1. Just to verify a number: FRET efficiency for residue 382 and residue 312, C-beta to C-beta distance, R0 = 25 Å, to 0.05?
2. To make sure I understand, if each residue's beta carbon is the centre and we count other beta carbons within 10 Å, what order do 423, 336 fall in, fewest to most?
3. In whole Å, what is the distance between the alpha-carbon centres of region 19-52 and region 328-356?
4. In Å, what Rg and Dmax follow from the Cα atoms of region 3-103?
5. Could you line up 104, 126, 345 from fewest to most neighbouring Cβ atoms inside 10 Å?
6. Of the residues 176, 144, 192, which exhibits the maximal mean-square fluctuation in a Gaussian network model of the chain defined by a 10 Å Cα contact cut-off?
7. Using a 10 Å cut-off around each Cβ, can you sort 352, 442, 121 from fewest to most neighbouring Cβ atoms?
8. Find the centroid of the Cα atoms in region 416-433 and in region 229-279, then give the distance between the two in whole Å.
């Protein structure tokens, strides 16, 4: 018995754990869970738990539906909202086939495969997300505009606002689960919050993001609120992003840092950005996977709609922050298109492989854009070689389906299922008669 298994079994006995939830993520980024009794945990860690994969979106066709979930003992954590006595714990799972081979439909495996490629090149991939979300009053009525819990704005310090107490409780719970928080604040929209998780390797961070969303929704429910990670829930207010800072390390050295280079950005860092820009359109269906995602990208302001980079330009798709220019370990780049409802495993995988392709091909970095890209004319953007991001899910799908990079990153099964699902989502969306049409057209036509 290895040390991690011993720790899990000892902790369960010591803390009187009565249920252990096994978590895994389907292709669309929805968290799935099955609960087992403590007596089953040791067997599950060694032999896995069988389940019907055909019941999970994207996992298996009916005639190949048997799957096995193998808990990852390193992810064992108590669920603090379930109480400290006779409590509940969770572990993330890797999904395999009955013969022990990895399931190519497992989001976690998709990211593991990309990380293995990076490791083969000598790199470790680190990420740091800024996660935005809205808090609304309950009840939420489908089809009606939700009501934010406050009317505060960006960085407002209002001691009586509901979000202040909420963030304190949520952060306390996250840290009880071993998820460190760097900072938090009120965002620009009424009821909109931001909580930033501290840098870690991409797999640990993807697990943390899935846990984060559960914690936020649980705390909101306790406070009689509803938390939403929908990219653009309110037409007149900012959407919710997950600006993602990334870096590559070679051992203990930040591969993006060069003290003698412009912006302190190394050749590897510049090529990584070039790869992101080159493949930006192709990966957008993964980083912005919902029809609603494109309402946020079309909103202007700090939501990117054009493929460019800049050192201090929050309208650019990729930004190079200079918070601590003399500290090499802090060198990173920030991808600003990602929204907070994303499947983090798939998103990190395509982001990483897009950047690695730039390094492998030694792609040159185009000139940076330091102007507000939204304020430029279309002719000015064309003259600067700045292309638009996909403007709808349909455009994003069209670019993704011809992308060798995304197909290789996701694998055939996930790639095909994802495209089928997104085509169906967009077809349903096109058939919908919206309130906008009823308001503008019904009275006059």
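1. Efficiency at R0 = 25 Å is approximately 0.60.
2. By the 10 Å Cβ count, ascending: 423, 336.
3. Cα centroid to Cα centroid, the span is 27 Å.
4. Gyration radius and largest Cα-Cα distance of region 3-103: 13.9, 43 Å.
5. 104, 126, 345
6. Looking only at 176, 144, 192, the largest GNM fluctuation is found for 144.
7. Exposure proxy ranking, most exposed first: 442, 121, 352.
8. Here the two parts' Cα centres lie 30 Å apart.
None of the figures in this text is laboratory data; all of them are computed from the coordinates on show. Note that the structure is predicted; figures quoted are calculated from it, not measured. We place every Cβ from the backbone using ideal geometry, glycine too, and count neighbours over all the protein chains shown.
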